[in-house]
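The numbers here are math on the coordinates, done by the rules we state, and not lab data. A quick note: this is a predicted structure, and the numbers were derived from the prediction, not measured. Note that each Cβ is placed from the backbone with ideal geometry, even for glycine, and that neighbours are counted across all protein chains shown.
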Amino acid sequence: MILSLWEFFYGHFFRFWMKWLLRQMTGKCELQRIFDTYIGAQRTHRIENSLTYSKNKILQKATQVVESEVDKCVEDIMKEKNINPEKDTSFKICMKTCLLQITGYKQLYLDVENVRKRPYDSDNKQHEKLLLKLWNLLMPTVKLTARISKQWADIGFQGDDPKTDFRGMGILGLINLVYFSENYTREAHQILSRSNHPKLGYSYAIVGINLTEMAYSLLKSEALKFHLYNFVSGVPTMEHFHQFYCYLVYEFDKFWFEEEPESIMYFNLYREKFHEKIKGLLMDCNVALTLKI
């Protein structure tokens, strides 16, 4: 109750007068002061909040524009806030960068969601080709005897036909598995080998798909904002999402063997412990989680 009253008071009264007072003292609007004071994700995050909670409709709509409208949007903001580009030469560049990051994050989520919603289709030649590519990347010296085969268990699928394991994350789960195996082949082979450990082993592909869900949920909850705002000085793309997924795969394998669970039956417990660890790291405004090999 008290918190709600403070939020109402701050949003409707205190914030307005504080902004007005600071403008009189500095001669600069809130957006300019943010650019003068902060860098990286902290800057973009504060700009996003300032625009979102502004009473000015032009500023409010700035976080919803598409990439092609960003330049015009920056011009509209400068006009609305009476910012002289000759006096503040860096404002235009800084605002454009922030808007590309802010709107790009929203678009990235839509792109990832679109792929996630696409189910694996065994009648789709591209899907089948991608699945066989995963096998060849992970098992280059072993021939797959049949499309439906118990061999799939060798790379961590549950049944004879992997398509049933992609239900939750759709084709996104397979794309992530292939991306890691193709771009970090040596590491993928090492992790696959470790996943066959007699005591600490786990199902490589199933865990990989589970980590796709983790990456997706972190993106959806906006927990990846600090990371992507620091990591990408522009529009974040699917490539950056795949890179984050690779980080999760590599770090989870290390985490699993460091923790030494008594049994795979405790997977969900340790998965959640790892999830909480990652969420904790992502709360740091200076975070940039990159795969370091």
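The Cα center of the stretch 129-193 and the Cα center of the stretch 87-127 differ in position by 27 Å. How far is it, in nm, from the label point at Lys96 to the one at Gln42 when both lie 7 Å from their Cα along the line to the Cβ? According to this spin-label approximation, the distance is 2.6 nm.
Compute the angle between helix 185-194 and the longest alpha-carbon principal axis of the chain, please, reported from 0 to 90 degrees and rounded to the nearest 10. Tilt of helix 185-194: around 60 degrees.
Between Gln64 and Asn49, the simple spin-label model (points 7 angstrom out along Cα→Cβ) gives 2.2 nm.
Pairs of Cα atoms in the stretch 100-154 fall into 10 Å distance bins, from 0 up to the last occupied one, in shares of 19, 35, 23, 17, 6 percent. Could you compute how fast the stretch 194-293 diffuses translationally, taking Rh as the Kirkwood radius over C-alpha pairs and applying Stokes-Einstein at 20 °C with viscosity 1.002 mPa s? Give it in µm² per second. Roughly 151 µm²/s, to the nearest whole number.
Based on the alpha-carbon gyration tensor of the stretch 50-182 and its eigenvalue square roots a ≥ b ≥ c, which shape applies: rounded if a/c is under 1.5, prolate if not and a/b is larger than b/c, or oblate?
Here the stretch 50-182 falls in the prolate category.
The Gln107 and Phe267 beta-carbon pair, evaluated with R₀ = 25 Å, returns a calculated FRET efficiency of approximately 0.15.
With the cut-off at 1.5 for a/c, could you classify the stretch 118-283 from its C-alpha gyration tensor as rounded, prolate or oblate?
The shape class here is oblate.
By the rule of a C-alpha distance below 12 Å, with chain neighbours fewer than 8 residues away ignored, the aspartates and glutamates paired with Lys92 are Asp71, Glu75, Asp76. Beyond 22 Å in Cα-Cα separation lie the following of the pairs Lys28/Lys87; Lys72/Lys220; Lys225/Lys254; Lys96/Lys220; Lys199/Lys277: Lys72/Lys220; Lys225/Lys254; Lys96/Lys220; Lys199/Lys277. From the coordinates of this entry, Cα Rg over 2.2 N^0.38 Å is computed, and it appears in (i) 1.23; (ii) 1.09; (iii) 1.84 under the label (i).
Comparing Thr141, Thr44, Thr212 in a Gaussian network model of the chain, where Cα atoms under 10 Å apart are tied by springs, the biggest mean-square fluctuation is seen for Thr141. Relative to the first principal axis of the alpha-carbon coordinates of the chain, what is the inclination of helix 70-80, with its axis defined by its Cα atoms, in degrees from 0 to 90 and to the nearest 10? Approximately 20 degrees, to the nearest ten. Tilt of helix 91-116 relative to the longest C-alpha principal axis of the chain, in degrees (0 to 90, nearest 10)? Helix 91-116 sits at roughly 30 degrees to that axis.
Estimated from helices alone, the mean residue ellipticity of the chain at 222 nm is -20000 deg cm²/dmol (sum of -39500 (n - 2.57) over DSSP H runs with n ≥ 4, per residue).
Comparing mean-square fluctuations of Met214, Met95, Met78 from a GNM of the chain with C-alpha springs under 10 Å, the top value falls on Met78.
Straight-line reach from Lys273: which aspartates and glutamates have Cα under 17 Å away, leaving out those fewer than 8 places along the same chain? Qualifying aspartates and glutamates at Cα under 17 Å: Glu213, Glu251, Asp253, Glu258, Glu259, Glu260, Glu262.
A Förster radius of 30 Å combined with the Cβ-Cβ distance from Thr237 to Glu276 puts the calculated FRET efficiency at roughly 0.65.
So which lysines can Lys129 reach, going by Cα to Cα under 27 Å and dropping same-chain residues fewer than 8 places off? Counting by Cα, and skipping residues close in sequence, Lys129 has these lysines nearby: Lys117, Lys143, Lys150, Lys163.
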